[in-house]
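The values are calculated or read from the model by the stated rules, or taken from the named source; none is laboratory data. Treat the numbers as computed from the prediction; the structure is a model and nothing was measured. Neighbour counts run over all protein chains shown; Cβ positions are idealised from the backbone, glycine included. We work out accessible area using only protein heavy atoms, side chains counted, and drop any ligands, DNA or RNA first. Shrake-Rupley method; radii C 1.70, N 1.55, O 1.52, S 1.80 Å.
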Amino acid sequence: MEKIMLNLNSLATMLCTCDLYAYDEAALTNDEWLEVEKNLKVHGLNGPSSLFGLNSDELMDILDISEYSAYKIVRRMKSIQFFLKKLHEYEQQGIRIITKYDEEYPQNLIKKMKKSAPLCLFIAGTLPVKFKGISITGLQTVSKKEKGYVKRLVDKINNEDKWLISNDCKGIDQESFHYGLHHHSQIICFVCENMLNKIQEYKKSIRMGKVVFLSAVDPAKRFTVTHAIDRNSYVCALSMFQIVVSSKINSGATWFTIMHNMHHNWTVSLVLDNDCFGNQRLLEMKTVPIYIKNIVSDTSFEMIYELNKKENIEEVNIDQMSIFEFIGDTNESRI
């Protein structure tokens, strides 16, 4: 088990923003904390560690923040002994807390999500500083044919020495997680509930370095739809590609996440060209396809994306030419 190694900037961030289940003192929201960080820079202060030792009046005068934000910071600072006790308790259970001030924090979350990136992450296992990840998403009902696709995809991820990014959901994701677990995959599993139970269940795999569990919420907290939506967005941001095996038009978490991702552009969706109506609708929306022949080939995911994206662009240009030719024909017929 790794020992907690804290720098003061990270400790101050955790102390002020970590929403612990057992904490009575309110945490600063993302927006409140980002305002604090911005004003620290404006006033030339040396990061969040500068907050230690300041009283409420000094916080409001120096940082120009609201009275309520200053109150929450002071209350949190006074409770540092309780916070460190909770950190120690989680460490005994194999869980650490990291912030963007820690080297281990995934930089993709900050780069892609910016202000929406989680301020604190709970982590069990060892996360590499740099990694290339691919997630596989789809419906909860999985056909025999789709199971075969998932196995081929996970094998391909393994062969390319990439990480499988999982979101701990039933169906396609669960198929990929369990297959990967037994076929030497490197897995990052982002959860939004039952983290303590998960790390007990997979403690051997965590110890062997096969699985890393992440959560943006306290491991003791229960499931909420909001946390699940956030978790799905974090999985997208951690992935260089998200492969859509199956989807249902305008229905369910899979479709919502795909639409959300397309709007925010967290990652590239590679949509499997199969007989799934949802997938066919996504391909009509000019998402990049991935074909069965691609899955069984030795071509890398990066090259598959480049080839199929180019093919899509050419198809769009052909369609546009057809329209112009039609307009031309119509005009000529009028002359």
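Which of the three applies to segment 1-134, rounded, prolate or oblate, going by the alpha-carbon gyration tensor with a ≥ b ≥ c and a/c under 1.5 meaning rounded? Show your work: numbers first, answer last.
Numbers: a/c = 2.09, a/b = 1.36, b/c = 1.54.
Oblate, since a/c reaches 1.5 and b/c is not below a/b.
Considering the dipole of the chain built from charges on the beta carbon (Lys and Arg +1, Asp and Glu -1) around the Cα centre, which of Gly125, Ser239, Phe301 is farthest to its positive end? Checking the options against the dipole of the chain, the answer is Gly125. The listed peptides 149-156, 92-99, ordered by packing as a protection proxy, come out as 149-156, 92-99 (highest mean of other Cβ atoms within 10 Å first).
Across segment 1-125, Cα pairs under 8 Å and at least six residues apart give a relative contact order of 32 percent.
In this structure, the amide hydrogen of Val212, modeled 1.01 Å from its nitrogen in the peptide plane, lies closer than 5 angstrom to those of Ile187, Ile188, Cys189, counting only residues at least 5 positions away or on a different chain.
Which value, in Å², gives the accessible area per residue of segment 1-51 when a 1.4 Å probe is used on the protein heavy atoms?
53
Accessible area per residue for segment 56-142 is 52 Å², calculated with a 1.4 Å probe on protein heavy atoms, without ligands, DNA or RNA.
State the antiparallel share, in %, of DSSP beta bridges confined to the chain, rounding to the nearest 5. Numbers along the way, then the final one.
On the way: 7 of 30 bridges.
Roughly 25 percent of the DSSP beta bridges within the chain come out antiparallel.
Compute the length gained on full extension between Arg75 and Ser297: take 0.36 nm times their separation in residues and subtract their Cα-Cα distance, giving the result in nm to one decimal.
74.1 nm
In angstrom, the C-alpha Rg and Dmax of the chain are 23.5, 86.
Take every pair of alpha-carbon atoms less than 8 Å apart whose residues are at least six positions apart; their mean separation over the length of the chain yields a relative contact order of 14 percent. For segment 64-141, the calculated P(r) over all alpha carbon pairs, in 10 Å bins from 0 to the bin holding the longest distance, is 14, 31, 34, 15, 5, 0 percent.
Hey, any idea what % of the chain's accessible area is carbon plus sulfur with a 1.4 Å probe?
Working: 9140 of 17630 Å².
On the chain, the fraction of accessible area on carbon and sulfur atoms equals 52 percent.
For segment 142-258, a simple Cβ point-charge model (Lys and Arg +1, Asp and Glu -1, everything else neutral) yields a dipole of about 320 debye relative to the Cα centre. The distance separating the Cα centre of segment 62-100 from that of segment 107-135 comes to 21 Å.
Each Lys and Arg adds +1 at its Cβ and each Asp and Glu adds -1 at its Cβ; summed about the Cα centre, the chain shows a dipole of about 1080 debye.
In terms of the Cα gyration tensor, with a ≥ b ≥ c the square roots of its eigenvalues, is segment 149-305 rounded because a/c is under 1.5, prolate because a/b exceeds b/c, or oblate? It comes out oblate by the Cα gyration axes.
To the nearest 20 Debye, how big is the dipole of segment 1-107 about its Cα centre, given +1 on the beta carbon of each Lys and Arg and -1 on that of each Asp and Glu?
On the way: 11 positive and 18 negative charges, 60 e Å.
So the dipole magnitude of segment 1-107 works out to roughly 300 debye.
For the pair segment 250-275 and segment 193-217, the centres of their Cα atoms are 26 angstrom apart. Fully extending the segment from Lys151 to His43 would add 33.5 nm, taking 0.36 nm per residue of separation and subtracting the current Cα-Cα distance. Only one residue of Leu54, Thr99, Leu28 has its Cα farthest out toward the positive end of the dipole of segment 20-131, where Lys and Arg carry +1 and Asp and Glu -1 on Cβ, and that residue is Thr99. Phi angles across segment 91-102 convert, under the Karplus curve 6.51 cos²θ - 1.76 cosθ + 1.60 with θ = phi - 60°, into 3J(HN,Hα) values of 4, 5, 9, x, 10, 10, 10, 10, 10, 5, 7, 9 Hz, Gly and Pro given as x. Cross-linked pairs Lys41/Lys114; Lys85/Lys114; Lys248/Lys310; Lys156/Lys210: Cα-Cα separations exceed 19 Å for Lys85/Lys114; Lys248/Lys310. Here the scattering of segment 232-287 is modelled by Debye summation over its C-alpha atoms, one equal scatterer each and no solvent; at q = 0.12, 0.25 Å⁻¹ the log10 of I(q)/I(0) is -0.22, -1.00. The phi-based Karplus calculation (6.51 cos²θ - 1.76 cosθ + 1.60; θ = phi - 60°) puts the 3J(HN,Hα) values of segment 165-174 at 9, 10, 10, 6, 9, 5, x, 4, 4, 5 Hz, whole numbers, x for Gly and Pro.
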